[in-house]
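Trainee: One structure, as structure tokens, below. Some questions next.
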Amino acid sequence: MRISTNLFHMQSFASIEKHQNSVLAIQEKLTTGQRVNRPSDDPIATSQINALNTTMKTLDQFEKNGEYAKSMLSYEETQIDSGVDAVQRARELAIQMMNETYTPEQRQATGEEIGQLVDHLANLMNSTSSEGELLFGGNVVSADAAFVEDTVNPATATGLSYYAYIGSTNAGAEYNEEANYGGRFVQIGFDSDDKLNPDDNGDPSRVRVTDNGSEVFDIPGATSLPAGVDRNLLNVMVQLKDYLDQGLQPPAEIGDDLQQSVIEMSNALSQVGSRQNRIENQYDAGQEFRIALDERRSKLQDQDVVEGISEFTMKQNALQMAQQVFSQVQGMTLFDYLR
């Protein structure tokens, strides 16, 4: 077999280039602190790292969804709580005006304050989010209002109009059956069964951020309203104002209905608080899962510094040896052998 001088040179160059590339590779790993900087470094680990990164980005999105849901529920809690204060004030006035010592003029003056409370409650019950979506419109978040004028039943003796929820046929042209179902939901965690249910009961991965207005503001069994009128808080308030505007004593049933309304809204506040707790629980679970994912990714991706320095020293020594060998063979020719 004939071995030429050029073959010696080519082999020496190849050896030097190989060791140079090895040194550069470990230098890059030590500089970045990562064992895997490109798919060719470790194709299997790269695939696993990409899967872990995708899962962690999903957790990031769930966290953002949770922050959005918390802000929505906090706003809803504030609105309902304000409604409770307004109803309690209305009930205090109603009980006062039941006393026979008050004159018709005094009752009419109190009716003015009740009218302001009616307007205040109507605004609360038709509250919208920062995106303009109804908080209490059920699944109909894009409607103009959740509680509209009752176009079916006649007005009160003093000409006051009753109110109807848009999920009630008393809403007339504004009626929308979907207002009685569902609501706006936000995904805050991984779903265990990938099934979408009509509500979020028993599903910790989703949280409802809007509500059915009739469930929050209806008064089951209200006895102070005429037949056919929706049994909601606004109508009881309208009925109270109607009595006061006429200078009449409000009946005791109005006070009872207002008290029941406070109970119903307090129950709604409790549910809102439960949903806020669910968000916190999902956030804590997500953080624990993130720690486990981060540890797994670190094992796959991060470079062990001590091991890297040892490998760098070894590869650098190999490069120096290859350079020394080349310096010895680069001047060798057949004539040197003959001499």
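Trainee: When you look at residue 216, is it free of Cβ contacts under 8 Å to residues at least 40 places away in the same chain, buried (at least 24 other Cβ atoms within 10 Å of the Cβ) and under 15 Å from residue 122 (Cβ atoms), yes or no?
Mentor: No.
Trainee: Can you name the residue in segment 113-143 that is in contact with a Leu (Cβ under 9 Å, 6 or more places away or on another chain) and surrounded by fewer than 15 Cβ atoms within 10 Å (Cβ to Cβ) and, of all such residues, is farthest from residue 88 (Cα to Cα)?
Mentor: Out of the qualifying residues, it is 142.
Trainee: Just checking, how many residues over segment 216-258 are under 28 Å from residue 182 (Cβ atoms), in a helix (DSSP H, G or I) and of a type in the set (A, V, I, L, M)?
Mentor: Here the count works out to 5.
Trainee: Might you let me know whether segment 75-86 holds any residue that is in the same structural domain as residue 234 (by TED's automatic domain parsing), modelled with pLDDT of 95 or more, farther than 25 Å from residue 141 by Cα and out of contact with any Pro (no Cβ under 9 Å at 6 or more places or on another chain)?
Mentor: yes
The values are calculated or read from the model by the stated rules, or taken from the named source; none is laboratory data. As the structure is a computational prediction, the values presented were derived from the model and not from experiment. Note: ideal-geometry Cβ built from the backbone for every residue, glycine included; neighbour counts use all protein chains shown.
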